[in-house]
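Colleague: What follows is a structure written as structure tokens; I'll ask about it next.
The values are calculated or read from the model by the stated rules, or taken from the named source; none is laboratory data. Here the structure is a predicted model, which means the values were calculated and not measured. FYI the Cβ positions are ideal-geometry reconstructions off the backbone, even for glycines, and counts take in every protein chain you see.
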Amino acid sequence: MQQTLVLKLKPAEAADESTVKRYIAASAAVPESAISGYTITRQSLDARGKQAWVQLSLLAYINEPFIQRQLQSFHYPDVHQSDKTVLVIGAGPAGLFAALRLIEAGIRPLILERGKDVQARRRDLAVMNREGIVNPDSNYCFGEGGAGTYSDGKLYTRSSKRGDIGRILSLFVHFGAEEKILYEAHPHIGTNKLPHIISAMRRQIIASGGLIYFEKKLTGFILEKNKIRSVITADGDQFNGDALILATGHSARDIFELLHQQQILIEAKPFALGVRVEHPQELIDSCQYHLVPLSHSAVQLRDPLLPPAAYSWVNQVDGKGVFSFVCARVVSLLRPQHRPVKLW
Ligand SMILES: Cc1cc2nc3c(=O)[nH]c(=O)nc-3n(C[C@H](O)[C@H](O)[C@H](O)COP(=O)(O)OP(=O)(O)OC[C@H]3O[C@@H](n4cnc5c(N)ncnc54)[C@H](O)[C@@H]3O)c2cc1C
């Protein structure tokens, strides 16, 4: 028999499989030995009270063999011989996902990225952080993986324009993200994990016959009869394709100027203006998890089984919504130089 259950457990209990099984058995009124396994379908944290609770929705297998979660599978055909090539400009999330989708549709993507691959890009970031020298084509905004690559990859959204989010989460798992992003209420990929996932996506694109060129900055379009026929890059190379996907993100202001110069229609869209606010993680933890101050400068640390606390804030000012976007953290009070520990 399979039974759907909801359990409210302490963090340590929720993290321990045998304890979860014990609670399932009690809840289903069967002996513990009858539980062959369980799959978590949803996990959320309620930290409103002094005691934080983990709410687990799960599917328990009772007196029947346990079946592992079926992960969505993806098929990327060989497109080496495809008679269609689509130019994709930019290897941020939009460009990479577009390339993978093109392959699924049997079309060969050719990606041009102004920055470097995700590993080489890291070296430029180190120089930037250490010496303050910014490479205009390889930095926190530009390079393989795009703008959020060095964040911890928060995967939830306030947007109501939702597509098939489950498919995207499954795709991340396919390329190496942990399965728990499929059921967590506030999933995130985790610090330092995104670069590996992005490399895996690139390997798939290349294995299927797609092409990726790094350090190729688009600088011009060649138009024929009002259609883009090919593109030119800063080093003078020219690339042709049957269509073009411009996935250069919002930091590439030169692209907007280029489109304007070449009299290609650009449409403005509503935008939100933001400021970045940094808080010590310990402060947010202490507020959200009701931690006790130990002294003037030290606070009790959060339970290591609890994630770094986040918050969201929404208000109306002069009829306009003001809200915190991806929130958390970022300076550790316990570190000597108050260095940011995470970026987003
Ligand atoms: C520090 C930071 C942390 C973030 N954290 C999160 C998060 O946790 N969760 C979340 O959902 N979102 C996060 N975001 C937002 C997220 O990164 C963006 O929404 C997302 O990257 C947009 O994807 P994109 O592919 O449209 O553009 P981008 O990511 O900007 O990618 C555009 C790509 O195009 C390339 N490019 C630009 N111009 C050219 C050119 N002329 N020729 C060739 N290539 C070019 C760039 O090098 C870049 O790689 C974060 C953003 C930042 C800056």
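Colleague: When the residues of the stretch 72-81 are narrowed to those that are in contact (Cβ under 8 Å) with a residue 60 or more places away in the chain and surrounded by fewer than 20 Cβ atoms within 10 Å (Cβ to Cβ), which ends up farthest from Ile197 (Cα to Cα)?
Modeller: By that ranking, first place goes to Gln81.
Colleague: Can you tell me which residue in the stretch 60-77 is farthest from Glu32 (Cα to Cα), limited to those that are more than 27 Å from the chain's Cα centre (by Cα) and not hydroxyl-bearing (Ser, Thr, Tyr)?
Modeller: Start the filter on the stretch 60-77 by keeping residues that are more than 27 Å from the chain's Cα centre (by Cα), which leaves 60-67.
Those left that are additionally not hydroxyl-bearing (Ser, Thr, Tyr): 60, 62-67.
Values: Ala60: 12, Ile62: 9, Asn63: 10, Glu64: 13, Pro65: 14, Phe66: 14, Ile67: 18 Å.
The qualifying residue farthest from Glu32 (Cα to Cα) is Ile67.
Colleague: State which residue pairs qualify: first residue touching a residue at least 60 places away in the same chain (Cβ under 8 Å) and of a type in the set (Gly, Ala, Ser) and inside the stretch 151-173, second residue part of a loop (DSSP other than H, G, I, E, B) and near the ligand (Cβ under 7 Å from one of its atoms) in any location, beta carbons under 9 Å apart, and separation of 6 or more residues or different chains.
Modeller: Once the first residue is touching a residue at least 60 places away in the same chain (Cβ under 8 Å) and of a type in the set (Gly, Ala, Ser) and sits in the stretch 151-173, its partners that are part of a loop (DSSP other than H, G, I, E, B) and near the ligand (Cβ under 7 Å from one of its atoms) give Ser151/Val326; Ser151/Leu343; Ser151/Trp344.
Colleague: Restricting to the stretch 239-265, name every residue that is of a type in the set (Phe, Trp, Tyr) and in contact (Cβ under 8 Å) with a residue 60 or more places away in the chain. Break it down into steps so the answer makes sense when it comes.
Modeller: The first filter runs over the stretch 239-265 and keeps only residues of a type in the set (Phe, Trp, Tyr), leaving 239, 256.
Passing the criteria: only Phe239.
Colleague: Can you spot a residue in the stretch 180-193 that is at positive phi, over 23 Å from the mean Cα position of the chain (by Cα) and at pLDDT below 95? Show your work before the answer.
Modeller: The initial filter retains those residues of the stretch 180-193 that are at positive phi, namely 190, 192.
Going one step further and asking which of them are over 23 Å from the mean Cα position of the chain (by Cα), we end up with none.
No, the stretch 180-193 has no match at all.
Colleague: Suppose the filter is more than 23 Å from Phe142 (Cα to Cα), hydroxyl-bearing (Ser, Thr, Tyr) and exposed (fewer than 14 other Cβ atoms within 10 Å of the Cβ); does Ser286 pass it?
Modeller: no
Colleague: From Val314, Val292, grab the single residue that is at pLDDT 70 or above, surrounded by fewer than 10 Cβ atoms within 10 Å (Cβ to Cβ) and in contact with a strand residue (DSSP E or B) (Cβ under 6 Å, 6 or more places away or on another chain). Steps first, please.
Modeller: Working: Val292 fails: in contact with a strand residue (DSSP E or B) (Cβ under 6 Å, 6 or more places away or on another chain).
Criteria check complete, one pass: Val314.
Colleague: If Lys161 satisfies every condition in (1) part of a loop (DSSP other than H, G, I, E, B); (2) within 13 Å of the ligand (Cβ to nearest atom); (3) surrounded by fewer than 17 Cβ atoms within 10 Å (Cβ to Cβ) but one, which is the exception?
Modeller: For Lys161, the exception is condition (2).
Colleague: Let me ask something else about it. Identify, please: which residue in the stretch 82-124 is of a type in the set (D, E, K, R) and near the ligand (Cβ under 8 Å from one of its atoms) and is, among those, surrounded by the most Cβ atoms within 10 Å (Cβ to Cβ)? First the steps, then the outcome.
Modeller: Quick first cut of the stretch 82-124, residues of a type in the set (D, E, K, R) only: 83-84, 101, 104, 108, 113-114, 116-117, 121-124.
Keeping just the survivors that are near the ligand (Cβ under 8 Å from one of its atoms) gives 113-114.
Numbers: Glu113: 31, Arg114: 25.
Filtering first and then ranking leaves Glu113.
Colleague: Identify, from the list Gly95, Gly145, Gly115, the residue that is modelled with pLDDT of 95 or more, on the phi > 0 side of the Ramachandran plot and of a type outside the set (Phe, Trp, Tyr). Step through it out loud before you land on a result.
Modeller: Values: Gly95 fails: on the phi > 0 side of the Ramachandran plot; Gly115 fails: on the phi > 0 side of the Ramachandran plot.
So the residue among Gly95, Gly145, Gly115 that is modelled with pLDDT of 95 or more, on the phi > 0 side of the Ramachandran plot and of a type outside the set (Phe, Trp, Tyr) is Gly145.
Colleague: What tally of residues in the stretch 125-152 results from selecting those that are more than 21 Å from Phe97 (Cα to Cα) and near the ligand (Cβ under 6 Å from one of its atoms)?
Modeller: 0
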